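Chemist: There's a structure below that I have some questions on.
The values are calculated or read from the model by the stated rules, or taken from the named source; none is laboratory data. Being a predicted model, the structure only gives us computed values, none of them experimental. Every residue, glycine among them, receives a Cβ derived from its backbone with ideal geometry; neighbour counts consider all protein chains shown. The accessibility values were calculated without ligands, DNA or RNA, using every heavy atom of the protein model including side chains. Shrake-Rupley method; radii C 1.70, N 1.55, O 1.52, S 1.80 Å.
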Amino acid sequence: MGAKNYRILIVDDEEDLCEIIQFNLMGEGYEADVAFSAEAALEKDLKQYDLILLDVMMGKISGFKLANMIRNEFKLNVPIIFITARTTENDLLTGFNLGGDDYISKPFSIHELTARVKAVLSRSQNKIPEPESSIKINELELNFLRRELMIDNSQITLTRKEFEILNFLMKNPGRVFSREEILKTIWEDDIIVTDRTVDVHITRLRKKMKEYGKYLKNKAGYGYCFDYQ
């Protein structure tokens, strides 16, 4: 993706600085918009931007507060570079904890700024999305990374095969799998198990899942599925 395809929002209450940054970024081939306050930034469609340059010390809404809104209220993953004269360790940690991708201290050179912009955009373009780590339905949550089942905030102990079966079915909600398909997926080349093995594990899972065991449905003549509808 060329520079001209990236759209950047500059949010800073120093209007002269905004105009200088905008001029230079446009000279590099980027599309650049400006907002002289966090309030003005909130009037824009923030989803359209590939990067936000965000001053920390502004009026009623600080850059840190706006970043928090972007991450936690709007649920946007747009890269953020903080621009500020505040350079204490606590400020740096606050910025990164709020999901900032970089931190540039004032005063800075335009060459430094454009280099940081290029680096952050390059990283964001090549970033592989993190896989979903869990599925939560009502008070039931299966965490794929920790390999655990939680019900009503209590951990339910599962055997490895029980977890793998539930994991497999929950990742394919509504899809019916025959016993043979489940055996081939979970037990692979283990030839000593039978179709009855799947039935036994499903029965145990239903008991452990309590009221949510009803989501493990048996489609007579076909197989099993996870269906919470």
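Chemist: Just to check your reading of the model, which residue among Leu145, Leu166 is surrounded by 13 or more Cβ atoms within 10 Å (Cβ to Cβ) and either at pLDDT below 85 or not aromatic (Phe, Trp, Tyr) (or both)?
Modeler: Values: Leu145 fails: surrounded by 13 or more Cβ atoms within 10 Å (Cβ to Cβ).
Checking each option against the conditions leaves just Leu166.
Chemist: Still on this structure: Name the residues in region 84-124 that are hydrophobic (A, V, I, L, M, F, W, C) and more than 24 Å from the chain's Cα centre (by Cα), would you?
Modeler: We begin by selecting, within region 84-124, every residue hydrophobic (A, V, I, L, M, F, W, C); these are 85, 92-93, 96, 98, 104, 108, 110, 113, 115, 117, 119-121.
Result: Ala85, Ile104, Phe108, Ile110, Leu113, Ala115.
Chemist: Is it the case that some residue within region 127-140 is modelled with pLDDT under 85 and assigned to a helix (DSSP H, G or I)?
Modeler: Within region 127-140, not a single residue is modelled with pLDDT under 85 and assigned to a helix (DSSP H, G or I).
Chemist: Please state which of the following conditions Asp101 fails to meet, knowing it meets all the rest: (1) within 20 Å of Cys225 (Cα to Cα); (2) without any contact (Cβ under 8 Å) to a residue 60 or more places away in the chain.
Modeler: Unmet for Asp101, out of (1) within 20 Å of Cys225 (Cα to Cα); (2) without any contact (Cβ under 8 Å) to a residue 60 or more places away in the chain: (1).
Chemist: Given (1) in contact with a strand residue (DSSP E or B) (Cβ under 9 Å, 6 or more places away or on another chain); (2) touching a residue at least 40 places away in the same chain (Cβ under 8 Å); (3) closer than 21 Å to Gln229 by Cα; (4) open to solvent by less than 30 Å² (accessible area, probe 1.4 Å), where does Ile137 come up short, assuming only one miss?
Modeler: (1)
Chemist: Kindly indicate which of Ser105, Ser62 is closer than 12 Å to Asp12 by Cα and of a type in the set (S, T, N, Q). It would help to see each step written out before you state the result.
Modeler: On the way: Ser105 fails: closer than 12 Å to Asp12 by Cα.
On inspection, the qualifying residue turns out to be Ser62.
Chemist: Another question, if that's okay. For region 186-204, which positions are at pLDDT below 85 and of a type in the set (A, V, I, L, M, F, W, C)?
Modeler: If the condition is that a residue be at pLDDT below 85 and of a type in the set (A, V, I, L, M, F, W, C), then Ile186, Trp187, Ile191, Ile192, Val193 are the ones that fit.
Chemist: In region 1-57, what residues are closer than 18 Å to Phe82 by Cβ, out of contact with any Leu (no Cβ under 7 Å at 6 or more places or on another chain), open to solvent by 30 Å² or more (accessible area, probe 1.4 Å) and part of a loop (DSSP other than H, G, I, E, B)?
Modeler: Asp13, Glu14, Phe36, Ser37, Met57
Chemist: Of all residues in region 65-110, count the ones that are part of a helix (DSSP H, G or I), farther than 18 Å from Ala38 by Cβ and either open to solvent by less than 20 Å² (accessible area, probe 1.4 Å) or touching a helix residue (DSSP H, G or I) at 6+ places or on another chain (Cβ under 9 Å) (or both).
Modeler: 1
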